[in-house]
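Working notes for the structure below.
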């Protein structure tokens with residue numbers, strides 16, 4: 001039986017298109033210090049560290065070594081450190097690693113850190129292209145944008161989703177990001193503005209695509225006893241998991257439906273005893289690197305039926321004032337330090353659950369969902385946090 | 001240190017050569033393309049005809065040896081037309097497609113050609129999910145995926 005585990009602190013760095021003011025270890029330290037301070041812990045209180053990033057974006061191989069100052073300073077000196085890389089889900093997987101370390105009973109207080117400097121690569125799409133099979137597919141020039149665009153073209157064709165629907169998603173997320181001091185893009189966007197941005201890969205325009213960001217996030221996971229001693233209001237992990245689909249995109253006939261995410265959601269909701277996610281969740285932080293994906297995620301996560309995702313945004317259900325606010329942070333669409341983005345989702349969900357989300361706080365959050373996708377849209381991670389112990 | 005000092009940016013670059021084995025299966029597939037034949041592998045257990053061909057079925061975890069020649073025409077399953085220029089990637093616009101060839105159970109990623117792409121509205125009219133496509137071969141074939149130049153709409 002896994003032990004009860006809670007997140008007792010979540011630290012975020014400031015983000016931008018290039019944090020020229022700090023070195024990589026300083027960037028990591030920013031998030032780690034914020035988490036330690038929030039928990040009122042010293043680095044010697046940490047028992048182990050899980051660290052996540054995707055190597056090539058920073059132009060530095062093995063960034064866990066590059067970051068050894070930050071990680072050692074945060075408690076990893078003479079302690080175990082585990083490095084995790086799973087594409088876009090890296091941050092989500094690293095959060096899961098932190099959770100598993102404590103749930104196993106082997107460690108009591110574990111620091112999970114994720115970071116990325118996408119701002120230090122001059123062409124993120126070229127780096128992403130190296131993730132594509134070199135024998136059959138890489139020459140095509142595919143990357144994250146084109147794969148999301150394939151999903152979009154199918155969703156438009158199958159369900160009648162429109163460019164206006166995508167614009168509504170972007171406008172909502174940009175508006176949310178303006179209240180988040182840790183967001184990268186913090187500017188006004190209207191539907192009209194969005195529809196006039198340049199086409200990147202049909203049907204995705206510039207306003208439908210995430211930026212490249214520098215940023216870091218840190219979480220502290222603690223056993224029940226330690227969590228209760230550290231804070232009156234931790235964010236309890238009541239459901240968590242990861243799913244792996246096959247590699248070949250052409251084997252899937254459901255680019256518009258994301259069935260693997262539906263399957264994972266069913267598993268994780270069962271753990272969390274959630275039967276009606278739209279009503280039972282109070283906030284959701286989804287990995288919406290591209291606007292169309294947020295719509296598909298609404299459907300795959302059971303917020304609505306298949307093909308009805310666009311209706312939720314048209315009716316305002318997922319705005320800050322709606323029944324289930326989605327991405328109060330502005331989401332990945334406004335801030336994307338890729339390897340850290342999955343952890344930022346968990347950090348946001350934790351801050352919302354602990355009532356520490358500042359101007360972007362959703363009132364009375366009892367249950368929050370955090371999601372990430374990675375690889376060739378074949379990996380997903382989910383975590384459900386609760387203000388009440390399971 | 002003063003606030004006025006400008007931050008210095010140190011340039012970096014990765015330019016690393018690699019060599020990737022195509023393996024026995026993709027090599028055989030590529031030799032077929034050289035002769036204008038498109039080959040796929042059938043799984044003896046789930047009976048799916050897998051494209052692109054691969055050494056084993058990931059679903060059934062059994063080796064694949066049953067080569068079948070598949071059609072040179074198929075159906076457009078999904079597409080996107082890329083209009084943005086990215087360093088080191090193909091010149092835009094290009095239309096990335098997933099085409100399910102006749103006689104196969106999974107789609108091949110390739111390019112669409114002979115279609116107006118420059119104008120977005122005309123592209124949306126011309127490229128339709130479900131449309132029939134056919135392979136257009138290169139004159140000089142070298143034994144690689146690009147021996148098929150692109151797929152084009154069937155007249």
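Which three semi-axes in whole Å describe the equivalent ellipsoid of region A:158-301, each the square root of 5 times a Cα gyration tensor eigenvalue, listed largest first? Walk me through the numbers on the way to the answer.
Numbers: eigenvalues 185, 103, 42 Å².
Values for region A:158-301, descending: 30, 23, 14 Å.
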Calculate how steeply helix A:259-272 sits against the longest principal axis of the alpha-carbon atoms of chain A, using the helix alpha-carbon long axis, and give the answer as 0 to 90 degrees to the nearest 10. 40
Quick one: angle between helix A:144-159 and the longest Cα principal axis of chain A, in degrees between 0 and 90, rounded to 10, please. 50
Hey, what angle do you get for helix A:90-103 against the long axis of chain A, alpha-carbon based, 0 to 90 degrees rounded to 10? 40
Take the Cα atoms of region A:83-154, find their three principal axes, and give me the spread along each one in whole Å, biggest first. 47, 31, 25
So for region A:82-229, averaging the separation of alpha carbon pairs under 8 Å that are six or more residues apart and normalising by length, what relative contact order in percent results? 33
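May I ask you to give the average projected area over all directions of the convex hull of the Cα atoms of region B:42-102, in nm² rounded to one decimal?
5.8
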Cα coordinate range in region B:95-155, projected on the principal axes (Å, largest first): 36, 27, 20
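Tell me, what is the Rg over Rh of region A:234-390, with Rh the Kirkwood radius over Cα pairs?
The Rg/Rh ratio comes out at 0.94.
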Of the peptides A:349-361, A:279-291, how do they stack up when ordered by the mean number of other Cβ atoms within 10 Å, highest first? A:279-291, A:349-361
For region A:262-343, alpha-carbon Rg over 2.2 N^0.38 Å: 1.06
Which semi-axis lengths, in whole Å and largest first, follow from the square roots of five times the eigenvalues of the Cα gyration tensor of region A:227-300? 28, 14, 13
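Evaluate peptide A:130-140: per residue, the Cβ atoms of other protein chains within 10 Å of its Cβ; return the mean as an integer.
Numbers: counts 3, 0, 1, 6, 5, 13, 13, 6, 2, 7, 11.
Mean shielding by partner chains, rounded to a whole number: 6.
From Cα pairs below 8 angstrom and at least 6 apart in sequence, can you work out the relative contact order of region B:4-155, rounded to a whole percent? Spell out each step's value before the answer.
Numbers: 276 pairs, mean separation 31.0, N = 152.
That works out to 20 percent.
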log10 I(q)/I(0) for region A:66-224, Debye formula on C-alpha points only (no solvent), q = 0.11, 0.15 Å⁻¹, two decimals, reads -0.64, -1.02
In Å, what Rg and Dmax follow from the Cα atoms of chain B? 20.5, 71
Can you list the equivalent-ellipsoid semi-axes of region A:2-135, largest first and in whole Å, using the square root of 5 times each Cα gyration tensor eigenvalue? 26, 18, 12
One would report the antiparallel percent of DSSP beta bridges in chain A, rounded to the nearest 5, as 75
Chain A, relative contact order in percent, only Cα pairs under 8 angstrom and at least six apart counted: 26
Divide by every residue of chain A the summed helix terms, -39500 (n - 2.57) for each DSSP H run of at least 4, and state the resulting mean residue ellipticity at 222 nm, rounded to the nearest 500 deg cm²/dmol. -10500 deg cm²/dmol
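Given the rule -39500 (n - 2.57) for each run of at least 4 DSSP H residues, summed and divided by the residues of chain B, what is its mean residue ellipticity at 222 nm, to the nearest 500 deg cm²/dmol? Display every interim value, and only then the final one.
On the way: 2 runs with 19 residues, N = 155.
So the calculated ellipticity at 222 nm is -3500 deg cm²/dmol.
Of the listed peptides A:216-223, A:338-345, B:82-89, what is their order by residue-averaged count of other C-beta atoms within 10 Å, with the highest listed first?
A:338-345, A:216-223, B:82-89
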With bins of 5 Å, the percent of all Cα-Cα pairs of region A:1-77 per bin from 0 is 3, 13, 22, 25, 17, 11, 5, 2, 0, 0
Take the alpha carbon atoms of region A:150-169, find their center, do the same for region A:202-268, and report the distance between the two centers in whole angstrom. 22
Residue mean of other protein chain beta carbons inside 10 Å, B:5-18: 2
List, largest first, the extents of the alpha carbons of the protein assembly as shown along their principal axes, each in whole Å. 71, 57, 50
Other protein chain Cβ atoms within 10 Å, averaged over every residue that makes up B:126-133: 1
Scaled by the rule-of-thumb 2.2 N^0.38 Å, the alpha carbon Rg for region B:1-91 gives a ratio of 1.85
Hey, could you pull the Cα Rg and Dmax for region A:161-203, both in Å? 11.0, 32
So if I take the centroid of the Cα atoms in region B:86-155 and the same for region A:301-357, what is the distance between those two points in Å? 36
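Readers should treat all values here as calculations from the given coordinates under stated rules, not as data from a laboratory. Note that the structure is predicted; figures quoted are calculated from it, not measured. With ideal geometry, Cβ positions are generated from the backbone for all residues, glycine too; neighbour counts draw on all protein chains shown.
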